[in-house]
Amino acid sequence: MIDEIRNLRNQIATEIGEITSKELLDNFRMKYLVKKGEIQAYFEKMKTAAPDIKPIIGKELNECRQFAEREFKVLQEKFATATETKVDIDMTLPGRRNFNGTFHPVLQTLEDITEIFRSMGFTVAEGPDIEDGYHNFDALNFAPDHPARDMQDTFFVKSDRELLLRTHTSPVQIRVMQSQQPPIRSIMPGRVYRNESINSRSLAEFHQVEGLYIDKNVSLAELKATIMAFAKRMYGEKSKFRFRPSYFPFTEPSAEVDISCYLCGGTGCRICKHSGWLEIAGCGMVHPNVLRAGGIDPEIYSGYAFGFGIERVTLLRTGIDDIRLLYENDLRVLRQF
Ligand code: PHE
């Protein structure tokens, strides 16, 4: 009989574990805890047992009943509070929204750009924000008297003009060339600094992604094809682009890439300065002097480079019409992306 009672107790424990509602709990009570329940039945049976084992059975049975009652009370309370809170809910109250954090739209853009170039076989490289004049200018074939070096454009860290905040990501090209042999296929994202007046189109601190491809027989056609492949994936097949001849000391020939203005669709507005076009990148074939500065023989190798402004790309894809909104950190703006 002791074994039977132990089995009963195990059975009660299993059934308790399966009770998920008030109704099931009530069934449990009817089965075990009422006068005609199974536990009480054993107490009746006990009366016929031999006197020497009666106390042992009694102890075992009492423990079993206490156990069942304890578990029953716990569940009873649980279901009682559950119904109470249910009653407390005011279904007419407006819901409370959970705001999850997201990546900043500029970082989202950078990740998408990185992903597209990575799929084309480009690796990612980085360089320091505080550069020396050599990497930012001289090695990139800037003439000693080039106006970009001027105090007006460049933030110098020291008055001897040796250290500065990089004005573009192109110095990373030099660092990459100096540290590896062709073929080189890298993009170089980072923050850049220019002493410019801040307005709806430009900031003094912004981000660029540089691209560099160096190998034997690299052609201008490949540069154009790469940029077009990227731009179509970034902006969709329908966007219109144009390549405009331009000048950079570190590329020859050089070009600027424009996209049709997202805001006015090409008819002319404040953002595109009424031209219908927005400049999104500078590019060109790497100048032989730059290859030499990077320790690469221009007789054997050639290459192309490009540089995108990440904020500009972000404005285009988000439809934000003022670059300053990106960094005011107004949650009403940032939560939209
Ligand atoms: N560094 C140039 C700029 O800041 C962009 C550029 C990069 C142009 C690479 C040509 C090649 O405007």
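The values are calculated or read from the model by the stated rules, or taken from the named source; none is laboratory data. This structure is a prediction, so every number in the text was calculated from the model and none was measured. Please note: Cβ atoms are built from the backbone with ideal geometry, for glycine as well, and neighbour counts cover all protein chains shown. Just the protein is used for accessible areas: all its heavy atoms, side chains included, with ligands, DNA and RNA removed. Shrake-Rupley method; radii C 1.70, N 1.55, O 1.52, S 1.80 Å.
Just checking, how many residues over the range 310-337 are open to solvent by less than 50 Å² (accessible area, probe 1.4 Å) and part of a helix (DSSP H, G or I)?
First, pick out the residues of the range 310-337 that are open to solvent by less than 50 Å² (accessible area, probe 1.4 Å): 310-311, 313-316, 318-320, 322-323, 326, 330, 333-334.
Restricting the remaining residues to those that are part of a helix (DSSP H, G or I) gives 310-311, 313-316, 318, 323, 326, 333-334.
Residues in the range 310-337 being open to solvent by less than 50 Å² (accessible area, probe 1.4 Å) and part of a helix (DSSP H, G or I): 11 in total.
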Exactly one of these conditions fails for M228: (1) open to solvent by less than 20 Å² (accessible area, probe 1.4 Å); (2) of a type in the set (A, V, I, L, M); (3) closer than 17 Å to F308 by Cβ. Give me its number. (1)
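Rundown of residues vs (1) within 14 Å of the ligand (Cβ to nearest atom); (2) in a loop (DSSP other than H, G, I, E, B), yes/no style:
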site	(1), (2)
M188	yes, no
S200	no, yes
L212	yes, no
V218	yes, yes
M228	no, no
E237	no, yes
R242	no, no
S246	yes, no
Is it fair to say T81 is in the same structural domain as Y213 (by TED's automatic domain parsing) and not in a loop (DSSP other than H, G, I, E, B)? no
Could you list, in sequence order, the residues of the range 160-186 that are within 11 Å of the ligand (Cβ to nearest atom) and either touching a residue at least 40 places away in the same chain (Cβ under 8 Å) or under 29 Å from N217 (Cα atoms) (or both)? H168, T169, S170, P171, V172, Q173
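Yes or no, residue by residue, for (1) more than 32 Å from the chain's Cα centre (by Cα); (2) open to solvent by 40 Å² or more (accessible area, probe 1.4 Å); (3) closer than 24 Å to H146 by Cβ; (4) not polar (S, T, N, Q):
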{"residue": "A204", "(1), (2), (3), (4)": "no, no, yes, yes"}
{"residue": "V209", "(1), (2), (3), (4)": "no, no, yes, yes"}
{"residue": "K224", "(1), (2), (3), (4)": "no, yes, no, yes"}
{"residue": "P253", "(1), (2), (3), (4)": "yes, yes, yes, yes"}
{"residue": "C264", "(1), (2), (3), (4)": "no, no, no, yes"}
{"residue": "T267", "(1), (2), (3), (4)": "yes, yes, no, no"}
